[in-house]
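The values are calculated or read from the model by the stated rules, or taken from the named source; none is laboratory data. What you are looking at is a predicted structure, and each value in this text was computed from that prediction instead of being measured. All Cβ positions, glycine included, derive from the backbone under ideal geometry; neighbour counts span all protein chains shown.
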């Protein structure tokens, strides 16, 4: 993975030198948008989630019940997924990284991130509300990719042989807050770096046609291209949006890998491609019959 990051960094530096005139566009559209619009909401969410996990999470409530260990284990897992879908993939990855080997196996963490690496629901809802697309189409954008991911998770989770039903680690460390802050800072730095990196790598796509350029840019880093694609409705834009949301973008996948080092990056990409293909097929079928 270090070799891959070295190669990517070298390519980014070369692109930085070649396309230096376009750097202002990235600064305005990507970096400023992230730090002004996304970070003020995302950082507190990640911090609170990290504090919650480091203090025992939902197990603190479950331990007061007479539920079976397997039931507690599954409730904890599903709760983390729901929390992660709402707060965003980087937050989910950060929480799972604390849980891996403790309350969740590596296989479970891999399966969760394989299936639920996507832009956060609040971001998508805010983006959808700002566009003038048909309400039915707006529903497709969220429901189809999310439904495919849920189905994929359920299918894969049934094949997981889980032998880890530990009680949660009881943290008696007085530095829970500082640990959560450091973990949050690390997550934000990784997010910022990957966003800038893949935005730079997408610069050569400026010379392609607009629709192709936005699709490829979105597959590199999703936030700004998604907003542009959703400014005007067309079937091409709809399928581009579905593709980007379903895949999650290379930037997001790299963030997940960096936050959870034990993750298999190859399996993550394969699963995202499969989910993307299924989402496109379902969208095509629905449009055909409407």
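Odds and ends about this structure:
- The one condition from (1) touching a residue at least 60 places away in the same chain (Cβ under 8 Å); (2) within 18 Å of the chain's Cα centre (by Cα) that residue 134 does not meet is (2).
- Qualifying residues in region 103-132 (those that are surrounded by 22 or more Cβ atoms within 10 Å (Cβ to Cβ) and more than 22 Å from residue 275 (Cα to Cα)) - the one modelled with the highest pLDDT: 104
- Residue 204 fulfils the conditions (1) more than 30 Å from residue 99 (Cβ to Cβ); (2) crowded, with 22+ Cβ neighbours inside 10 Å except for a single criterion, (2).
- Unique residue being over 23 Å from residue 256 (Cα atoms) and at pLDDT 70 or above when the list is 59, 78: 59
- Meets criteria (at pLDDT below 80, in contact with a helix residue (DSSP H, G or I) (Cβ under 8 Å, 6 or more places away or on another chain), part of a helix (DSSP H, G or I) and under 25 Å from residue 105 (Cβ atoms)) for residue 194: no
- Failed criterion for residue 30 (all others in (1) modelled with pLDDT of 80 or more; (2) farther than 14 Å from residue 188 by Cα hold): (1)
- Tallying residues that are part of a loop (DSSP other than H, G, I, E, B), on the phi < 0 side of the Ramachandran plot and surrounded by 15 or more Cβ atoms within 10 Å (Cβ to Cβ) within region 40-94 yields 2.
- The residues in region 249-275 that are modelled with pLDDT under 90 and closer than 18 Å to residue 128 by Cβ can be counted, and the count is 0.
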